[in-house]
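In what follows, a single structure is set out as structure tokens and then discussed.
The values are calculated or read from the model by the stated rules, or taken from the named source; none is laboratory data. All values reported here derive from a predicted model rather than from experimental measurement. Note: ideal-geometry Cβ built from the backbone for every residue, glycine included; neighbour counts use all protein chains shown.
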Amino acid sequence: MRFKAKLGLEHVQLLCNLVGPISRLTSGSGTTSAEHSGAGSGLLGSALSAGGGSVMYLDPDQVRISARGGNAAPGGDGDGIACFAELATRGGIFLEHRIESAADNVIVFEIELAQLKLALQSVLSGGGSIRKRSAIQALHNSSVEGSTEKVMGSLAAPSAIVMKLAKRNGGLPCLCLDSACAGGSVEIHHAIPVRIMRAAEMQYHLPPRIAMPDVQLELPPERPLKTVVERLRSISPHSE
């Protein structure tokens with residue numbers, strides 16, 4: 001089983017924007033397992049228990065994310081909320097990728113989306129305080145040559161972002177996210193515990209069944225929805 005992909009910064013931003021709202025939906029306690037992360041497979045169960053059943057599906061053509069919050073049952077039944085997202089891999093979310101498995105090149109695993117969101121945000125921010133300290137040191141070293149703008153530009157964004165499945169902490173399967181700025185001044189490595197699943201288990205995490213609505217509204221594509229709601233508010237307070 002192999003998964004390795006290269007992403008651009010815009011792809012990381014897109015994935016972060018997608019995972020963020022879903023992670024809030026599936027987090028039951030409001031605390032992420034990032035607060036409890038560490039070595040040892042004993043933490044894997046607690047890390048994924050807060051994820052609310054978030055599953056990622058990978059094949060050479062698509063990436064799918066299926067998540068359930070509250071009391072939602074497989075297939076979208078129950079009182080909770082079920083979410084399903086699908087992204088194209090070829091010419092889509094990945095610049096280049098390799099996905100291989102004995103199950104017809106399909107990989108399915110359970111993951112805590114809150115941890116994935118934190119890792120993506122860390123890459124987008126360039127490592128937070130680490131990046132700031134590196135920038136200060138680089139500016140000090142380059143002040144004589146007058147190359148401040150060039151140095152800041154190289155530290156502003158990672159030049160290489162790689163996502164892959166690998167084993168960490170004594171054989172614990174993890175989704176790893178690695179990034180490095182130009183010149184290797186800042187390197188960021190994240191390892192998010194996952195639980196590898198059988199490809200056949202994806203049948204329990206298919207898109208939710210949604211009945212046809214009784215009423216459908218078609219809004220002009222160029223008019224913001226906020227403007228429409230504000231005008232409806234003057235007609236009835238129940239428009240909110």
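Within segment 186-201, the set of residues being under 16 Å from LEU58 (Cβ atoms), under 19 Å from the mean Cα position of the chain (by Cα) and surrounded by 14 or more Cβ atoms within 10 Å (Cβ to Cβ) comprises ILE192, VAL194, ARG195, MET197. Of the listed requirements (1) among the small types (Gly, Ala, Ser); (2) outside any loop (DSSP other than H, G, I, E, B); (3) at pLDDT 85 or above, GLY170 misses just one: (2). So, PRO158, is that one surrounded by 15 or more Cβ atoms within 10 Å (Cβ to Cβ) and either modelled with pLDDT of 75 or more or over 20 Å from LEU95 (Cβ atoms) (or both) or not? In short, no. Selection of segment 85-110 for residues being part of a helix (DSSP H, G or I) and polar (S, T, N, Q) yields only THR89.
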